[in-house]
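Take a look at the structure below.
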Amino acid sequence: MDIIEVKDVSMRFNLANERIESLKEYVVRLLTGNLMFQEFYALNQVSFSVQSGTSVGILGTNGSGKSTLLKVISGIYEPSAGEIQVHGTIAPLIELGAGFDPDLTARENVFLNGAVMGFEREFVRSKYAEIVAFSELGNFMDVPIKNFSSGMSARLGFAIATLVHPDILIVDEVLGVGDSAFQQKCEQKMQELRSCGTTMLFVSHSIEQVRAVCSHAIWLRRGRVEMEGDVDDVCDAYQKWCETHSAFE
Amino acid sequence: MLKKIFADGYRYRWLLEQLVGRDLKVKYKRSYLGYLWSLLNPLMMMAIVSIVFSEVFRYDIQYFPVYLLCGQIIFSFFSEATTMAMNSILQNAGLLKKVAVPKYILPLSKLCSSGVNLLWSLAAIAIMFCIQHVPWHATMLLFPIPLLLLFLLSYGVGLMMAVLATQFRDMAYLYGVLMQALMYMTPIFYPVEALPPEALAIIRFNPLFHLVTYFRKVVLYGRIPDVREHIVCIAFAVGFYVMGRTIFQAHQKNFVLYI
């Protein structure tokens, strides 16, 4: 069964519009007819589908549209054209601890972040001990997050985000900040989720990691699907291409 | 319509509660008196303004401090809630770019945190009633009506301003000036009777003027506003709410592109 279906999805950004932040500029551009100018397609008619239970790696250089694709799938961006169908719950690990408030303590942030992720209060309460144990931050739960290192808040964020067994796990290079022991723990957790049937979309610049984790891969280049298929084939082709090309040529 | 708000609020009630809780916790973190400031602030402001206006300008209004406080808490709520709602989308850019949450929840949470402040201010009014020996009227029990309408009005304006401020950062500065103008257009510290008819003609378009008058009538004067006053207040509140909601819904998908 296809759990994610992406059909002809395009995501258009208006680079000129991005910079209009003042009224004066807007009026000037309106008068000179410069309002819709410098369009940029981060995704251009991307189509693919993901089968339930598989792990798909997404490859591509910086600025090739990987993160945009993940954001469109998790519903943060609404695509400018095309259609996306997702059958199931998504746990987006696009940035760990999104919505943490620096002034609140770790304990308060667990509940705030839990609410942001759409969990129920009782659920988070019952899992609180598990979160503390997994993140190994037991001594620091009453410290404001602003005093945490990035690795510490990543630990907390990962522990909260993987509380549920989601149907789809979206991982965007979030594990870089943790120490190696914690990275190992996270990989173990992801392995555990996968063996429970969770589908995974995985973005990483480490091709070794993609080969190890995924069975399929998609290679994005300038917002288009360059190649799609078995992980080894795509990785080989991508690696070969990388030897002779650079990102923004 | 109210049902729709409550349905939205109910669905994400825990998120809403957490966001409001965060605002309140962060607001008074590291202050000794904490929440007590929500009570002390309106009282201290009132003390200063009533000294200035009853001693220096000598308006002859009975129970002037309470008269003042009634206008002041309504205006403060409107000004605080709409300003915070206006900035709520920009402030939470990080969140909106990383997680798919319903966007209206951010302005709504700001409205609710200001609402908590408003409740504290009501306690301040009650204290002043006792100190000034103001007679208590049965019509006082109607006070939630103007406050609910005020909430609806402020929510609508807040939603509209959030859309504008997200597209044009100038709004944040402009709005401060607008609020100043609106403050003078609202009979907070002067009696309505003191106005020349030309000024009154303009002020009638200020929804806060009608809400403040309504609130004072039921709380301070023990009178029930007539049908016309009811219609005007409801029309303003519902009108702004519908307008704000429509504009917000039409523009919310573009927010992530601007923040």
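No lab work stands behind these numbers, since they all come straight from the coordinates. Bear in mind the structure is a predicted one, so any value in this text is a computation, not a measurement. Don't worry about glycine lacking a Cβ; one is built from the backbone with ideal geometry, like all the others, and counts go over all protein chains shown.
Taking label points 7 Å from Cα along the Cα-to-Cβ direction, B:His137 and B:Val192 give a separation of 1.2 nm.
Only the Cβ atoms of Lys and Arg (+1) and of Asp and Glu (-1) were treated as charged; on that basis the dipole of the protein assembly as shown about its Cα centre amounts to roughly 1440 debye.
Shown here is the pair-distance distribution of chain A: with all Cα-Cα distances grouped in 10 Å bins from zero up to the longest one, the shares run 7, 27, 30, 23, 11, 2, 0 percent. Sorted on the mean count of surrounding Cβ atoms within 10 Å across their residues, most packed first, peptides A:52-64, A:120-132, B:246-258, B:98-110 read B:98-110, A:52-64, B:246-258, A:120-132. Each Cα pair of the protein assembly as shown feeds into the Kirkwood radius, which the Stokes-Einstein equation turns, at 4 °C and 1.567 mPa s, into a diffusion coefficient of 50 µm²/s. The number of Lys pairs in chain B with C-alpha atoms less than 15 Å apart, excluding pairs fewer than 8 positions apart on the same chain, is 5.
Span-like helix check, chain B: qualifying full DSSP H segments, with Cα axial length of 20 Å or more and mean Kyte-Doolittle of -0.5 or more, are B:13-27, B:36-51, B:64-91, B:105-132, B:144-167, B:170-184, B:227-251.
Within the listed set B:Trp14, B:Trp37, B:Trp120, the residue fluctuating most in the Gaussian network model of chain B (springs between alpha-carbon atoms under 10 angstrom) is B:Trp14. Most simply put, the range A:109-249 has about 55% antiparallel DSSP beta bridges, counting only bridges with both residues inside it.
Once the C-beta distance of A:Glu5 and A:Arg125 is scaled by a Förster radius of 41 Å, the resulting FRET efficiency is 0.70 to the nearest 0.05. As a length-normalised measure over Cα pairs under 8 Å and 6 or more apart, the relative contact order of chain A settles at 27 percent. With R₀ fixed at 35 Å, the C-beta to C-beta distance from B:Ala100 to A:Ser215 puts the FRET efficiency at about 0.85. Summed over all non-identical Cα pairs, the Kirkwood treatment of the range A:96-163 gives a radius of 11.4 Å.
Summed over qualifying helices (DSSP H, 4 residues or more, each -39500 (n - 2.57)) and divided by its residue number, chain A shows a 222 nm mean residue ellipticity of -12000 deg cm²/dmol.
Highest average first, the peptides B:126-133, A:154-161, A:204-211 ordered by how many other beta carbon atoms sit within 10 Å of their residues are A:154-161, A:204-211, B:126-133. The ranking of B:Met179, B:Met84 by Cβ neighbour count inside 10 Å, starting from the fewest, reads B:Met179, B:Met84.
Mean per-residue shielding of peptide B:248-256 is 1, counting Cβ atoms of other chains within 10 Å of each Cβ. Return the FRET efficiency for the residue pair B:Lys27, A:Gln183: r is the Cβ-Cβ distance, R0 is 41 Å, and the value is rounded to the nearest 0.05. Here the calculated transfer efficiency is 0.65. Note on A:103-114: average number of Cβ atoms from other chains within 10 Å of each residue's Cβ is 3.
Here the spin labels are modelled as points 7 Å beyond Cα on the Cα-Cβ line, and at A:Asn147 and B:Val242 they lie 5.3 nm apart.
Spacing of the modelled spin labels on B:Ile202 and A:Thr54, each 7 Å from Cα toward Cβ, amounts to 6.8 nm. For chain A, lysine pairs with C-alpha atoms less than 24 angstrom apart, excluding pairs fewer than eight positions apart on the same chain, total 8. Adding -39500 (n - 2.57) for every DSSP H run of four residues or longer, then dividing by how many residues chain B holds, sets the calculated 222 nm ellipticity at -24000 deg cm²/dmol. Mean per-residue shielding of peptide B:13-26 is 5, counting Cβ atoms of other chains within 10 Å of each Cβ.
Beta bridges from DSSP with both residues in the protein assembly as shown: antiparallel share about 55 percent, rounded to the nearest 5.
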